[in-house]
1. What order, most packed first, do the peptides 169-176, 198-205 have when packing is the mean number of other Cβ atoms within 10 Å of each residue?
2. In the stretch 144-242, what % of DSSP beta bridges are antiparallel (nearest 5)?
3. Taking the mean number of other Cβ atoms within 10 Å as a proxy for protection, how do you rank 15-21, 218-224, 91-97 from highest to lowest?
4. Below 8 Å between Cα atoms, with a sequence gap of 6+, how large is the relative contact order for the chain in percent?
5. If Rh is defined by the Kirkwood formula over all Cα pairs and Rg also comes from Cα, what ratio Rg/Rh do you get for the chain?
6. Report, in debye and to the nearest 20, how large the dipole of the chain comes out about its Cα centre when Lys and Arg carry +1 and Asp and Glu carry -1 on their Cβ.
7. If one computes the Cα centroid of the stretch 80-143 and of the stretch 154-194, what distance in Å separates the two points?
8. Just grab the label-to-label distance for residue 38 and residue 171, each label 7 Å out from Cα along the Cβ direction, in nm (one decimal).
Amino acid sequence: MRIIHAKDYADMSRKAANIISAQVILKPDCVLGLATGSTPIGAYEQLIKWYEKGDVDFAEVSTYNLDEYRGLGHDDPQSYHYFMNKNFFHGINIDLANTHVPDGANPDADAACAEYDRMVEAAGYPDLQLLGIGNNGHIGFNEPDSVFSKGTHCVDLTESTIQANSRLFESIDDVPRQAYTMGVQTIMRARSILVVANGPKKAQAVYDMCFGPVTPACPASILQLHTNCTVVADEEALALCH
Ligand code: F6R
């Protein structure tokens with residue numbers, strides 16, 4: 001695990017965007033695994049700026065997002081699909097047909113998850129998987145558990161995740177209780193992984209991910225076993241790692 005210290009959120013975002021744009025420049029038809037949440041927004045903004053300057057070209061890139069709320073269609077403003085269009089895809093020249101998010105509108109969880117796994121496998125798995133980390137160490141929506149998950153599956157969100165995500169909804173009752181998420185095994189199949197983290201609330205999870213025991217009680221800890229994993233985090237998130 002490579003740990004890159006960033007001064008603050010802006011610095012973290014620029015460093016992460018640099019790593020993603022290097023991947024796209026080195027392999028223009030690469031597969032990117034992408035994440036939603038607050039943390040990657042600054043990196044997406046930076047990539048849009050570099051695209052506008054002509055420094056990076058997404059025409060041949062394809063993407064697979066980690067997760068989606070069950071029950072939300074792609075045009076629902078609270079869906080992750082909508083989030084990705086708004087915060088990234090609409091700002092770059094990616095072909096929207098090459099962007100993929102689990103189908104939250106499909107109520108048949110087994111079918112939706114199996115179809116997503118089939119697509120990710122057919123794409124050959126991501127060259128670079130971008131991840132945020134939950135306050136409780138989750139990656140994607142793989143919450144602390146007694147085993148590591150495998151492929152895409154339907155999860156019940158924990159109370160702490162529902163609380164954390166409620167800031168983006170009008171009321172906590174509007175937060176969906178379930179999501180479809182890539183499993184830990186699928187995430188580990190990416191050829192390289194980039195974790196971004198900022199702020200004091202992530203300090204314990206970042207410490208556990210980098211230096212704690214490898215255990216499904218902190219799903220991100222398995223990233224210690226990945227051969228090409230980079231963590232870019234700001235000072236606050238790295239506060240316990242010194
Ligand atoms: C989002 C995702 C989640 C988030 C995590 C951190 O697609 O898979 O694991 O990365 O919850 O969220 P933020 O960045 O909002 O703190």
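1. Per-residue mean Cβ counts within 10 Å order the peptides as 198-205, 169-176.
2. Among the beta bridges of the stretch 144-242, antiparallel pairing accounts for roughly 45 percent.
3. 218-224, 15-21, 91-97
4. Computed over the chain, the figure is 25 percent.
5. Taking Rg over the Kirkwood Rh, I get 0.93.
6. 780 debye
7. Distance between centres, Cα-based: 11 Å.
8. 2.3 nm
The values are calculated or read from the model by the stated rules, or taken from the named source; none is laboratory data. Predicted model, so just to flag it, every value in this text is computed and none were measured. Using ideal geometry, Cβ is built from the backbone for each residue, glycine included, and neighbour counts are taken over all protein chains shown. Heads up: the accessible areas ignore ligands, DNA and RNA and are worked out on the full protein's heavy atoms, side chains in. Shrake-Rupley method; radii C 1.70, N 1.55, O 1.52, S 1.80 Å.
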